[in-house]
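Each reported figure results from applying straightforward, stated rules to the coordinates on display, with no laboratory input. Remember, predicted model here, so these are calculated numbers, not experimental data. Cβ atoms come from the backbone with ideal geometry, glycine included; neighbour counts cover every protein chain shown.
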Amino acid sequence: MDGRQPLSEVIQSLHDRMTQFEGALLISATPTTVEAIAADYAAFKSFTLGVLKTLQRQVEILAGDADQLEMRSRRKILLFHGVPEVSKEDTASLVVKTVTANLKLPDFTGAQISRCHRMGRAGNGDRPRPILVKVRDVVMRDSVWFAKTNLKGSNVTLSEFLTRPRHLAFMSARERFGVKNCWTKDGHIHIVGPDGARHRICSLSELNELLPPEGHKPTAPAALQKIKPPEHLGEVVHGLPLALRQRVELVQHEVGDGLGDGGPLERRLAQRALDAR
C-alpha cells in the first residue's frame, strides 16, 4: 500500500476485503477446517497490519510536513545561550552588545531585531535563560550565524531554534556520533559518519535508518520461526510470544470496533472450529 493513499480508500479496501472473506464463508459448501481458519486468519492479520502501517505512514508524512512548515517559520530565529541575566534588563541591548563585541559585526543594530526575549520563566537558577532573537533580514541572520566561531573561549553559545522533533534527533545524533561530528544548518542536521561520509537528516526516524540505537535488535522474525502450528483457533493468537500476542490482540480489538459487525463473523468462525473437531 502507498503511504499517500487516501484514508477513505484504505477504509473502503478494508471493508471490501472483509465482505469478500465473509461471503466466501457463507457460500462455502465444504466444512471449514481448523487449518483453513488459521490460513484465513493469517491472511486477514497480514492485511490488517498492512492497513495500520499505511495509516502510520500517513501520520508520519503529515507530521513531517507540519514540522517542515514550523521550521520555515523559525528561519530567522537564533538562540543565544550563556548571556548573563540581570533584573530589569534590555535583552535587545544585550544581544547587540554580544554580537558587535564577540561576533565582530559592528553593523548589527537593534533596528535589525524584530523580536527578542528570554525563554522560560524567571527563576533562581545559576544558569541564565537563553535569549530568543528574531532578525528582520535573512542575510544578517546568516552573518550572525556563521560568525559564531568567534564565540570560542567565551561563555556564550549560539544555536538554531529547532522544532522539538529535530531537537531530539540532533541530541540523539550527538550521542551516537559525537558532538564534533554533528551540527545544524538552516534547520537540517548534518552528521559525519565513521567512514567520513556526510549525511543530512531532519528526523529521528532518518537517524535510526542511518545508525540504529545501541542494543536495538529486531526479534520478531526469530520469534515467529519458533511458533508451532496451531492445534485450535485460540492458539493462532495465544501461541505467539507475549509482545506479539498483545499487538495482534490490540489490532483485533481495534478492527472489531471499527467494523462494528465483526461479532457475528467471529461467532461463526468459532462455531465452525468446534464442529470440525
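Could you tell me the convex hull volume per residue, in Å³, taken over the Cα atoms of segment 164-216? List each step's numbers first, then the result.
Values: hull volume 3.8 nm³, N = 53.
Dividing the Cα hull volume of segment 164-216 by its residue count gives 73 Å³.
Averaging the Cα positions of each part gives two centres, and for segment 82-133 and segment 50-66 these lie 40 Å apart.
Given a Förster distance of 25 Å, report the FRET efficiency between Thr184 and Lys88 from their Cβ-Cβ distance, rounded to the nearest 0.05. Mind showing how you got there, number by number?
Values: r = 33 Å, r/R0 = 1.32.
Calculated transfer efficiency: 0.15.
Rounded to the nearest 20, the size of the Cβ-charge dipole of segment 164-216 about its Cα centre is 240 debye, with Lys and Arg at +1 and Asp and Glu at -1.
Legend: distances between Cα atoms for Lys53/Lys134; Lys97/Lys185; Lys76/Lys104; pairs beyond 31 Å are Lys53/Lys134.
Potential lengthening of the chain between Arg136 and Ser114 amounts to 7.4 nm, from the contour at 0.36 nm per residue minus the alpha-carbon distance.
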